[in-house]
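Written out below as structure tokens is the structure these notes cover.
None of the figures in this text is laboratory data; all of them are computed from the coordinates on show. Keep in mind it's a predicted model, so treat the numbers as computed, not measured. Quick reminder, even Gly has a Cβ in these numbers, built from the backbone with ideal geometry, and neighbours come from all protein chains shown.
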Amino acid sequence: MKKILAVALFLILALALYLYLANAYAYYMFNRSGVTAPAAKEAYVFNQAAAGETLVYAALGDSLTSGLGLTNFEQAYPYLLAKDMSGNGRLTLKNFSYPGYRTDDLIKKLLEPAITAKPQIITLLIGTNDIHGFYGQEKFKKNYKFILERLTKETKAKIYVISLPFIGSEAFLPPNNLYFERQTEEFNNIIKGLAEFYSLTYIDIAEPTRADFAANDAYYAVDKFHASAAGQALWEKIIFDKIKRDF
């Protein structure tokens, strides 16, 4: 009996060590790739010649929104989306995103400035770092609800809630890849539920792009985790197709 317990304990410890080292190795490779976020202006103005009111679009998020891994912010989905939305009028894009941010970071550092900007349009894409930082679903749900509560009550904006994409699973060794995919599904269920609670538009960029990202490395930046220009363009097309009737 003692031998069985000793073997079981050894296997558990060996598995725990493997999971830790496999995860650490993936992040080591991310850092080694040297990807950075492109420089972004405080604001981008589109269709300047158009008459009438200027719409303000605030893009809230983390590295997926700031375009980590791209050579130019003009390749990032918020810029592409702003360009498409400005077809019939003047529009200003303000980027409230930062690499590595979780929901609690967004609340502390980006939420207030975004509200102060008085946007008429908001996109929210946040949560990937909550997953990979093992932040926990309950904390995430509480923070995400707080963000939506403030945005819906303190702005008059059309708010578009974007799902977390399935990214980087191939960069992680099994079973970590399966764990992160499952967490993405569960976090997206939370996001979708909160979007429905606040009667907001939920935009799923996960399932429509899952097969594309899995089959084609061209959708990834050099770190094999963040989206390339092609990946960002794919997300933007899905988002704009969902909201273009509003513009």
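How much length would be gained if the chain were fully extended between Ala50 and Phe134, taking 0.36 nm per residue of separation minus their Cα-Cα distance, in nm to one decimal?
Working: separation 84, 0.36 × 84 = 30.24 nm, distance 4.63 nm.
Contour length minus Cα-Cα distance gives 25.6 nm.
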### Task
State, in angstrom, two size descriptors of the stretch 34-246 derived from its alpha carbons: Rg to one decimal place and Dmax to the nearest whole number.
16.2, 55
### Query
For Phe225, Phe180, what ranking results if the residue with the fewest other Cβ atoms within 10 Å of its Cβ goes first?
Phe180, Phe225
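Which pairs, out of Lys118/Lys224; Lys145/Lys224; Lys139/Lys237; Lys158/Lys224; Lys83/Lys224; Lys83/Lys139, put more than 29 Å between their alpha-carbon atoms? Mind showing how you got there, number by number?
Values: Lys118/Lys224 36 Å; Lys145/Lys224 31 Å; Lys139/Lys237 31 Å; Lys158/Lys224 33 Å; Lys83/Lys224 27 Å; Lys83/Lys139 35 Å.
Flagged as over cut-off: Lys118/Lys224; Lys145/Lys224; Lys139/Lys237; Lys158/Lys224; Lys83/Lys139.
Just check the stretch 68-152 against the gyration tensor rule for me: Cα atoms, a ≥ b ≥ c as the square roots of the eigenvalues, rounded for a/c under 1.5, and otherwise prolate or oblate depending on whether a/b exceeds b/c.
On the way: a/c = 2.46, a/b = 1.48, b/c = 1.67.
It is oblate, given that a/c is not under 1.5 and a/b is not larger than b/c.
Could you put Arg150, Arg245 in order, starting from the residue whose Cβ has the fewest other Cβ atoms within 10 Å? Before the final figure, lay out the partial values.
On the way: Arg150 15, Arg245 6.
Ordered by Cβ neighbours within 10 Å, fewest first: Arg245, Arg150.
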### Query
Spin-label point model (7 Å from Cα, Cβ direction): what's the Lys108 to Lys153 distance in nm?
2.2 nm
### Summary
Fewest-first ordering of Leu124, Leu234 by Cβ atoms within 10 Å yields Leu234, Leu124
### Query
What is the distance, in nm, between label points placed 7 Å from the Cα along the Cα-to-Cβ direction at Asp241 and at Glu207?
1.4 nm
